[in-house]
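K.L.:
One structure coming up, written as structure tokens, with questions to follow.
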Amino acid sequence: MVCLGNICRSPLAEGLMRSKLNFTKFNVDSAGTSGGHKGEAPDKRSIEIAAKNSLDISQQRSRKLTVEDLEEFDYIYVMDSSNLTDVLGMTTTDSQRQKIRKILDVSFPGEDLDVPDPYYGGDQGFVNIYKMLDQVTTSIGKELESKEN
Ligand code: 4NP
């Protein structure tokens, strides 16, 4: 799960995704394209909306996406078009490029939707992205459990 800072959107996506997959079969992680918040815990507002929904993401720490990640992970979900451009810019092979998908394309194919960056907005932005990510990680969970079993 990839966003810009790895403190708002992708930590929620990671926590939600992990809660919906069999942890013995799937390794779920998140990272940011910028590295500007490296080592930090998720944004308070992300921790809060997760906690309200009984999900603890407070132990996650921000890290920067690496070229090794593009090899290690089978599926790479980015939050918006700018993340997509940045991650595609790090790829060197078609097999890496084929792993990368804008996350909302799973639920809304062809619509090119972004999970909007909530960092500079208010709490409602976090409620909204939580709902989007909750819904789409359920769909991804079903897709991956059926594909990988
Ligand atoms: P994220 O949100 O990409 O969802 O983690 C942001 C976090 C920090 C910044 C931008 C977006 N920032 O500019 O510091």
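K.L.:
What are the pairs, 6+ residues apart or on separate chains, where a residue within the stretch 28-42 that is closer than 16 Å to V67 by Cβ and open to solvent by less than 20 Å² (accessible area, probe 1.4 Å) has its Cβ under 9 Å from a residue that is part of a loop (DSSP other than H, G, I, E, B) and among the β-branched types (V, I, T)?
P.N.:
These pairs meet every condition: A31/T66; G32/I7.
K.L.:
Still on this structure, I have one more. Quick one: what pairs do we get from the stretch 1-14, first residue closer than 16 Å to D56 by Cβ, second of a type in the set (V, I, T) and open to solvent by 10 Å² or more (accessible area, probe 1.4 Å), C-beta under 8 Å, 6+ apart or different chains?
P.N.:
Every condition considered, the pairs that remain are L12/I49; E14/V28.
K.L.:
On to the next question. Report the residue count in the stretch 44-84 for those that are polar (S, T, N, Q) and touching a strand residue (DSSP E or B) at 6+ places or on another chain (Cβ under 9 Å).
P.N.:
Adding up the residues that qualify gives 4.
K.L.:
Within the group L21, L88, L55, which residue is more than 25 Å from V127 (Cα to Cα), away from the ligand (no atom under 11 Å from the Cβ), at pLDDT 95 or above and surrounded by fewer than 22 Cβ atoms within 10 Å (Cβ to Cβ)?
P.N.:
L88
K.L.:
Separate question: Within the stretch 1-14, which residues are assigned to a helix (DSSP H, G or I) and open to solvent by 10 Å² or more (accessible area, probe 1.4 Å)?
P.N.:
Across the stretch 1-14, the qualifying residue is only E14.
K.L.:
Which residue pairs have Cβ atoms closer than 6 Å, lie 6 or more positions apart in sequence or on different chains, and pair a first residue in the stretch 73-92 that is of a type outside the set (G, A, S) with a second residue that is surrounded by fewer than 21 Cβ atoms within 10 Å (Cβ to Cβ) and assigned to a strand (DSSP E or B)?
P.N.:
The qualifying pairs are I76/I100; Y77/R101; V78/K102; L84/K102; V87/I100.
K.L.:
Now for a separate question. Just to check your reading of the model, which residue among G35, G39 is more than 10 Å from G5 (Cα to Cα), part of a loop (DSSP other than H, G, I, E, B) and either at pLDDT below 95 or small (G, A, S) (or both)?
P.N.:
G39
K.L.:
Also: Counting just the residues of the stretch 117-132 that are near the ligand (Cβ under 8 Å from one of its atoms) and open to solvent by 60 Å² or more (accessible area, probe 1.4 Å), which one comes out nearest to the chain's Cα centre (by Cα)?
P.N.:
Here the residue is D117.
The values are calculated or read from the model by the stated rules, or taken from the named source; none is laboratory data. Here the structure is a predicted model, which means the values were calculated and not measured. Cβ: placed from backbone, ideal geometry, glycine included. Neighbour counts: every protein chain shown. All accessible areas refer to the heavy atoms of the entire protein, side chains included, with ligands and DNA or RNA removed. Shrake-Rupley method; radii C 1.70, N 1.55, O 1.52, S 1.80 Å.
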